[in-house]
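J.: Here it is, the structure in full.
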Amino acid sequence: MLRFFVTLIVFTLGIFAQAQSVQDSATPVRNIKAPDGFKVELLYSVPKPVQGSWVNLCTDNKGRIIVSDQFGGLYRFKPPTAGQPLKAKDIEKVPAKIRAANGLLWAFGALYVGVNDYERKMESGLYRVTDSNGDDRLDKVEKLRGMTARGDHGIHAILPGPQNSLYLITGNNTTPLNTQKSRVPLHWGEDHLLPRMPDGRGHNRDRLAPGGIIYKVSPDGKKWEIVSSGYRNIFDGGFNRDGELFTYDADMEYDFNTSWYRPTRINHVTSGSMWGWRNGTGKRPEFYPDTLPPAINIGPGSPTGTVFGYGAKFPAKYQNAFFILDWSWGKIHAIHLKPHGSSYTGTKETFITGSPLPVTDVIIHPKDGAMYFTIGGRKVQSGLYRVTYSGKESTKPAVKRTMHYGRILRQKLENFHGVQHKDAVNQSWPHLDHGDRFIRWAALTAVQHQPLAQWKARALNEKNFNKRVAALLGLCKVAASDPANGKAAPVDKQLAAAVYKSLAEVKWDKLNHAGKLTLVRTYQIALVRFGKPNAVAVKKIIAQLNPHFPAPTFEENWLLCETLVFLQAPGTAAKGIKLLQAADTQEEQIEYARSLRMLKAGWTTELRTAYFNWFLKAASYRGGRSFSIFIGFIRRDAVASLSAKEKLELKDLLAKKPVVKSPFEIMAEAMIGRKYVKQWKLDELSTAAKTKLKQRDFARGRKMFSAGGCFACHRFDNKGGMTGPDLTSAGGRYSAHDLLEQIINPSKEINEQFVPVVVKMKDGSTVTGVVVNMNGDRVSVNTDMFDPNQQVNVNRPDVVSIEPSKVSPMPPGLLNLMREDEVMDLLAYILSGGDRNHPAFKK
């Protein structure tokens, strides 16, 4: 639906009304858009053959800016006066023999450098650079700790932390270090009940838990502590005025439109937190109780630098914003965070956007209060920019600190992380079932750091079932290891039996929603780490869980289906196929299909036929570059689960080749049987919406969203496509009238982020599509909106211009097969953000 866009992006161009001439210089400011009152200056176009491509920024103790070339050395200069460019003669090459800096920080009288050299010309790790003889030239290089990293997902930013400390950001291709302390309990595992499928294109198949790690480091580099783990590829972060740390984590674009896809997101980095990255299909969804939810999901992108706006001579809301850079989409977003319980939620505002604008790092200069940012990376054209404000709003310093009881409680519990304390268990235990997930996490983490003997019996016999399942989840992880991580230790069979007995005593109807998820997930971890219990215990587990499958929510069904498949529970095939056939989104269907592939018991020929017919249908689904390979993996395992007799019975169906259809054809099929209603006019539907958006039908609104093809293109409530804007927060951006106008007249106003481009070449030819990658002078353009692998490579110096298309790829007339009441249900569904309790719906 709304503003349909064609992409499986790794890099895209923001589009503006004016075509861009392609030159051997940084993006001109005419192609950069900022909010009213803000001015963007291009200070310097970096000569690539001489100074490379800049990826990091910091200021030293004299207010000079230090920058790094991704594959070269360091440079230093004073910011030019207002309105003046930076001149090459004013840029000093730093003499220190250091290269490939992905993190820069001036602190404690020295320059700290995070080296991530995947050309392997210098050992990666944490370094300190100083002036050896007082001549104001940085020339002494000291390696504080060498580290092993691979590719872009390595050693990144260094942050100034509280209590005279440094915080080091690392991606998931950095080998974990042995540290003196850890706030994260060191019993991480893969914890997959059903076999995990690795990425279909081979990406990171060999990388296991814990993923990316944030370390706290002493200034001399001798004391290291793990603060948080489970990230994919975090590049930067920042502390707010409350002393709370935030970071911006990457997605895995190959996973688009699968149930395990997780968009780029802002994470509140609390003590001992674990964010659930695992390779392939193993990524933990945010509802799992053994991970944490983000403050806000951002969407597809490539996270680079971040900074809080403190010290900026900007209006108050921007002074308090968390600015995040997205290299692939060419955007700087302002994230407006607000306290929520013991953590935060946020909203996203696009602050800077350009074409092309591969933003790499950003700082607020402490002296002039301006924002400075760089573009570059991967040897593309680099530049330095300055952003200032000259509008009418006040730029008076806006100190905004907040405190909330929930945060005080969480921080109190976090004091027990990484240490053993006689009061830790008693003070933490009452909060194991707290309504705030971050407090629950802090409490359980505190308990896990204490000797198991102190709390084992209490966990097994806890009378509050919500507390019991949480405590037993922690016990399973502390008491047993995950064999998948190569650390298998002898299983305490007596303890295992006690855990299964204790879990079997839990009454489903005595649990809240979080408790139900925790019960099933705890069973999963117990089955992975302790192993499958005897047949009697298995029957008890099935008897306990089976009556509640299917459940009212997708989250419960996800966990129940996995677990009951593993246990080969009777009735699972029929229930699972029914859910598969009723699911509106690809994500839900794929998740049920993924679990059912390992089920051998309870099938009939009719059910097997329905299952394998789904694969013929799924061949037309679209997603990331590994999407179709994953579907093939699921089918391969499903075929392997067949008996010889079943293979013979299904021989013709198994041999049948799918007829691949476009999303438009799929949408048309969904509308088969529906009659043309009329050519709806904006005014008549807008008038109806003024009085008829009450007592609407949520289920029918969701059905219309699916039947209208919206899920094929748009993300909504963490489901759906990536080829159009995420509509989850549409209710905060659009009135009913505005939303209807975008649907009925899609080409009237096209968001620059969701427009295909026309690339005009010097030889007179044109290439139409979406830029999906850049590396040096090579530009890759996806020329088929439905085939991410259909790409044409063009040489950037051969490009004359890049122009936006004036026609939206989203077709008009999508509402013409819907009755008025169905359109109203659809509108209510979109504007509600998928909230069943929204006032627009019947109770």
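J.: List, largest first, the extents of the alpha carbons of region 104-243 along their principal axes, each in whole Å.
T.: 61, 37, 26
J.: Could you check how much of the accessible area of the chain is carbon and sulfur, as a whole percent, using a 1.4 Å probe?
T.: Working: 16990 of 33100 Å².
Using a 1.4 Å probe with all protein chains present, the chain comes out at 51 percent carbon and sulfur.
J.: Determine the per residue accessible area of region 559-683 with all protein chains present and a 1.4 angstrom probe, expressed in square angstrom.
T.: On the way: 5950 Å² over 125 residues.
It amounts to 48 Å² per residue over region 559-683.
J.: Rounded to whole Hz and in sequence order, give me ³J(HN,Hα) for region 73-84 from the Karplus expression 6.51 cos²θ - 1.76 cosθ + 1.60, θ = phi - 60°, writing x for Gly and Pro.
T.: x, 10, 9, 9, 7, 8, x, x, 5, 3, x, 10
J.: Label region 110-156 by shape, choosing from rounded, prolate and oblate, from the square roots a ≥ b ≥ c of the eigenvalues of the Cα gyration tensor; if a/c is under 1.5 it is rounded, and otherwise prolate applies when a/b is larger than b/c, oblate when it is not. Present the calculation step by step, with values, prior to reporting the outcome.
T.: Details: a/c = 2.87, a/b = 2.68, b/c = 1.07.
Prolate, since a/c reaches 1.5 and a/b exceeds b/c.
J.: Report Thr350's accessible area, 1.4 Å probe, all protein chains in place, as a number in Å² to the nearest 10.
T.: 60
J.: Another question, if that's okay. Which value, in Å² rounded to 10, gives the accessible area of Lys181 with a 1.4 Å probe and all protein chains present?
T.: It works out to around 100 Å².
J.: Right, next: Of Lys578/Lys617; Lys62/Lys93; Lys379/Lys760; Lys121/Lys222; Lys510/Lys578, which sit over 20 Å apart, Cα to Cα?
T.: On the way: Lys578/Lys617 16 Å; Lys62/Lys93 17 Å; Lys379/Lys760 23 Å; Lys121/Lys222 24 Å; Lys510/Lys578 27 Å.
Over 20 Å Cα-Cα: Lys379/Lys760; Lys121/Lys222; Lys510/Lys578.
J.: Now a separate question. Can you say what percent of the DSSP beta bridges in the chain, counting only those with both residues inside, are antiparallel? Round to 5. If you can, show how the numbers build up before the last one.
T.: Details: 117 of 122 bridges.
So the antiparallel bridges in the chain amount to around 95 percent.
J.: Name the long-range amide H neighbours of Gly776: under 5 Å, sequence gap of 5 or more, or other chain; modelled H, no Pro or chain starts.
T.: Val380
J.: Could you pull out every residue, at least 5 positions away or on a different chain, whose amide H is within less than 5 Å of the one on Phe351? Hs are placed 1.01 Å off N in the peptide plane, and Pro or chain starts have none.
T.: For Phe351, the qualifying residues are Ile332, His333, Ala334.
J.: In region 34-91, if every C-alpha pair distance is counted and binned at 10 Å from zero, what percent goes to each bin?
T.: 20, 50, 26, 4
J.: In straight Cα distance, which lysines are under 22 Å from Lys348, not counting same-chain residues fewer than 8 positions off?
T.: Here the lysines satisfying the reach criterion relative to Lys348 are Lys33, Lys39, Lys313, Lys317, Lys331, Lys338, Lys400, Lys719.
J.: Compute the Cα gyration tensor for the chain, then decide on rounded, prolate or oblate, letting a ≥ b ≥ c be the square roots of its eigenvalues: rounded whenever a/c is under 1.5, prolate when a/b is larger than b/c in the other cases, and oblate in all that remain.
T.: On the way: a/c = 1.67, a/b = 1.15, b/c = 1.45.
Verdict is oblate for the chain.
J.: Using alpha-carbon pairs under 8 Å, 6+ residues apart, how would you state the relative contact order of the chain in percent? Write out the running numbers ahead of the final one.
T.: On the way: 1916 pairs, mean separation 123.1, N = 843.
Taking the mean separation of contacting Cα pairs over the length of the chain, I get 15 percent.
J.: Once phi is turned into ³J(HN,Hα) by the Karplus curve 6.51 cos²θ - 1.76 cosθ + 1.60 with θ = phi - 60°, what whole-Hz value does each residue of region 251-262 show in order, with x for glycine and proline?
T.: 8, 10, 5, 5, 8, 2, 6, 9, 5, 9, 5, 10
J.: Roughly how far apart, in whole Å, are the Cα centres of region 294-314 and region 503-548?
T.: 40
J.: Could the peptides 816-823, 626-633, 382-389 be put in order, highest first, of the mean number of other beta-carbon atoms found within 10 Å of their residues? Each step should come with its number before you reach the end.
T.: Values: 816-823: 17.6, 626-633: 20.4, 382-389: 23.0.
Packing order, densest peptide first, comes out as 382-389, 626-633, 816-823.
J.: Starting from the amide H of Leu43, placed 1.01 Å from N in the peptide plane, find each other amide H under 5 Å away whose residue is 5 or more places distant or on another chain.
T.: The list, which skips near neighbours in sequence, is Leu384, Tyr385, Arg386.
J.: Right, next: Taking the highest mean first, how do the peptides 491-504, 444-457 order by number of other beta carbon atoms within 10 angstrom per residue?
T.: On the way: 491-504: 16.8, 444-457: 19.4.
By packing density, highest mean first, the sequence is 444-457, 491-504.
J.: How much accessible surface area, in Å² rounded to 10, belongs to the heavy atoms of Lys93 with a 1.4 Å probe?
T.: Approximately 100 Å² for this residue.
J.: How much accessible area per residue does region 406-468 have, counting only protein heavy atoms and a probe of 1.4 Å, in square angstrom? Present the calculation step by step, with values, prior to reporting the outcome.
T.: Working: 2760 Å² over 63 residues.
Dividing the accessible area of region 406-468 by its residue count gives 44 Å².
J.: Still on this structure, I have one more. When only C-alpha pairs under 8 Å and at least 6 residues apart count, what is the relative contact order of region 252-371, in percent?
T.: On the way: 235 pairs, mean separation 25.1, N = 120.
Result for region 252-371 is 21 percent.
J.: Decide, for region 451-562, between rounded, prolate and oblate: order the square roots of the alpha carbon gyration tensor eigenvalues as a ≥ b ≥ c, take rounded if a/c falls under 1.5, and otherwise choose prolate if a/b is larger than b/c, else oblate.
T.: Details: a/c = 1.66, a/b = 1.35, b/c = 1.23.
Because a/c hits 1.5 or more and a/b exceeds b/c, region 451-562 counts as prolate.
The values are calculated or read from the model by the stated rules, or taken from the named source; none is laboratory data. Bear in mind that the values here come from a model prediction, so they are computed numbers and not experimental data. Virtual Cβ from ideal backbone geometry, glycine too; neighbours counted across all protein chains shown. For the accessible areas, the whole protein counts, side chains as well, though only heavy atoms, and no ligand, DNA or RNA atoms are used. Shrake-Rupley method; radii C 1.70, N 1.55, O 1.52, S 1.80 Å.
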